[in-house]
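Please read the structure below before turning to the comments.
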Amino acid sequence: MQLINEKVNTLKSQYHCMGIIKKTINFTNKGQVPIDASDQPVYAISKEVQIRYPSEFGPEKYICSLGDLHMEHTGLLVRGNFIKGSGMDTLFLHSKLSTDGTSAVVDVNDIKRSRYCLQVSVVVIYTLLKKAHAESGSALSVLDWINEAAKHIQMCFYWKMILKFEVLQLIYISSIRESNFELYLASLYVFADGVSLCLILIFI
């Protein structure tokens, strides 16, 4: 059964819902600041309510957050821009992993397909790194070898960074699927730093 008769994507409805959330949180945990996670359209309206009514829903009194799917989507977008031009995006196309073309992976037009390509990508990159490690004849472990190689070889640094970023994304997705809140918080801290670093490197 629907909770309200009005459409949720209106300023009036969102103001009403935010008021209920604030009262409910205050009743169960007096003094706690509510954290409201919502999809993009509703999130935008929530932020507008905050701007219009700062005395009731200012940032210090009410926190609006994007939903987990949008955070995952943003991470996949950053990763898509990262692999653009590396050859991996065209490999997904020719291997038919991305049936909608490279846009499904790079622009994340299909989040389910892009997530699947992410899983395949991690396996492929790690397998190739293990092969390169074996051919090098190094006595170091695979991870120690790639860390050392990344200091001197730009290509190793690039693929190490891609692999690390993709593994972080998978940990974040796993925390949501498993309802593991501690892992979720830990992945958010590291993932946020990773996204910031990648955005800086992309736009330099």
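The values are calculated or read from the model by the stated rules, or taken from the named source; none is laboratory data. Bear in mind the structure is a predicted one, so any value in this text is a computation, not a measurement. Reconstructed Cβ throughout: ideal geometry from the backbone, glycine too, with neighbour counts over all protein chains shown. Note: areas computed on protein heavy atoms with side chains; ligands, DNA, RNA excluded. Shrake-Rupley method; radii C 1.70, N 1.55, O 1.52, S 1.80 Å.
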(request) Hey, could you check the range 10-58 for residues that are touching a Pro at 6+ places or on another chain (Cβ under 7 Å) and open to solvent by less than 60 Å² (accessible area, probe 1.4 Å) and say which is nearest to D68 (Cα to Cα)? (result) I21
(request) Can you work out which of the residues in the range 153-204 that are modelled with pLDDT under 85 and among the small types (G, A, S) is surrounded by the fewest Cβ atoms within 10 Å (Cβ to Cβ)? (result) S179
(request) Return the total of residues in the range 4-56 being among the basic types (K, R) and touching a strand residue (DSSP E or B) at 6+ places or on another chain (Cβ under 7 Å). (result) 1
(message) Given the condition under 20 Å from the mean Cα position of the chain (by Cα) and either buried (at least 16 other Cβ atoms within 10 Å of the Cβ) or at pLDDT 80 or above (or both), answer yes or no: does some residue in the range 85-96 qualify?
(response) yes
(message) I need every pair where a residue in the range 51-72 that is under 15 Å from K22 (Cα atoms) and among the acidic types (D, E) has its Cβ under 6 Å from the Cβ of a residue that is assigned to a helix (DSSP H, G or I) and at pLDDT 90 or above, sequence separation at least 6 or different chains.
(response) none
(message) For the list (1) of a type outside the set (V, I, T); (2) under 28 Å from the mean Cα position of the chain (by Cα); (3) part of a helix (DSSP H, G or I), I need the number of the one condition that A132 fails.
(response) (2)
